[in-house]
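Every read-out reported here was derived from the displayed coordinates using simple, explicitly stated rules and does not represent laboratory data. Here the structure is a predicted model, which means the values were calculated and not measured. Cβ: placed from backbone, ideal geometry, glycine included. Neighbour counts: every protein chain shown.
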């Protein structure tokens, strides 16, 4: 009897054989991948050799057709909105009027529009459209067709289309290898396409690309800002505005009198306060002839009585001095009379007469000072300044500031302070407007009346005083001493000049240009 003994090594042999078979399959797959990689490298080497676009595109088509056993390989480039055939394997000349060329370009546009690889015959689960590709395959076949989009910067810029016999459709690994080959060859083809042109064509193409970027749908904010900047520059360069000189101003009365103390003395009485209406001596005399000085008088200041007298200085010392001088005169006159009545005293009489005349002259001077003790207004108007109503007995002097300022509030003018770098633009008769700080919304028109020839230096800056006259009577709310801002109209200049002229002048001064 014979026994078959199965050793435990048999299962191990089966496992090793299966592993060996798997290794053999992996080796075969890697050999196939290396072969396809070799084909891709050889294709890329053939494309890199030519220095002209047409030759490189033709080399790509021929290599694709030869390496992948295609009956025809074509390359089309995006020009504007359409794909145009650039090269075809084993064909040097072709025209777009050929039906074949039109069908190939249609299949390429179908691939480009969908931005996806189009394969015919397609899989039942395919989601792309292949109608034009099917037309190409059936009309010039039957054949199998593969269209591959070539991308640069994420955008489709060209399409490669391969055709071969219908009984040899493109497999998945072949499509993958073709995709790799096309991606490797795309930079070279496109670089030659853009550089292999004469200078005019290059400039035109660059301009076209720039315009495409400018009017295209991308970079909306950047384009909006660029358009806004361009519009601003056009406005600043070509649109003209009014050139105005800005200056601060102070209102002052046209008819105004400053009254000082006539001599060093003490205030005895004050008749008026700031804001009171006063009369001139002439007007006071005329009204005295008519009767009472009290009443409304038809003016905007509601006071009961009116006078030209503003204040009175104490003259008690002057009266004592006057009495002494008069007494001295009388004494000299008496001695003169005695000398005249005495023989041989004629010369003495003349001396006494001279001394009497001298005393009279001093008395007349003292009397004049007494008469000047009453400070009167030389004009009709309102007391602008002079708050002495509660300062009885205060010592005043002609060297001090004016005791009273009297003027007409309805007849005002303005004195502008114009910077020295703007004075050259001003001329007599120019018009402008001013607005006070108190009422900035009310603009008063004026014209330039006088330009002071010399500048006044204050805080290391020179300013010129410009006197202007208001074109219409002052409003009731306007008062002397009010300040604000004035603008003098000069001429018409571009806004670019208006906005930059001071800066340009400053730079020119710094650079000494």
At q = 0.15 1/Å the base-10 log of I(q)/I(0) from the Debye formula over the alpha-carbon atoms of segment 322-469 is -0.98
Which order do 184, 39, 509 fall in if you start with the one that has the fewest other Cβ atoms within 10 Å?
509, 184, 39
Give me 418, 156 sorted ascending by neighbouring Cβ count inside 10 Å, so fewest comes first.
156, 418
Order these peptides, 54-61, 356-363, by their mean beta-carbon neighbour count within 10 angstrom, highest first.
54-61, 356-363
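At 37 °C and a viscosity of 0.692 mPa s, what translational diffusion coefficient does Stokes-Einstein give for segment 183-262, taking Rh as the Kirkwood radius over Cα pairs? Give it in µm²/s as a whole number.
Numbers: Rh = 19.8 Å.
Stokes-Einstein gives a translational diffusion coefficient of 166 µm²/s.
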Three-way shape call for segment 301-368 based on the alpha-carbon gyration tensor, with the a/c threshold at 1.5:
prolate
How many angstrom separate the Cα center of segment 492-513 from the Cα center of segment 233-247?
13
Measuring from centroid to centroid over Cα atoms, what is the spacing of segment 55-94 and segment 474-488 in Å?
85
Which of 392, 375 comes first, and how do the rest follow, when ranked by fewest Cβ neighbours within 10 Å?
392, 375
What does the helix-only formula give at 222 nm for the chain: each DSSP H stretch with n ≥ 4 adding -39500 (n - 2.57), the total divided by the residues, and the result rounded to the nearest 500 deg cm²/dmol?
-14500 deg cm²/dmol
Nearest 10 degrees, 0 to 90: helix 346-371 Cα axis against the chain principal axis
40
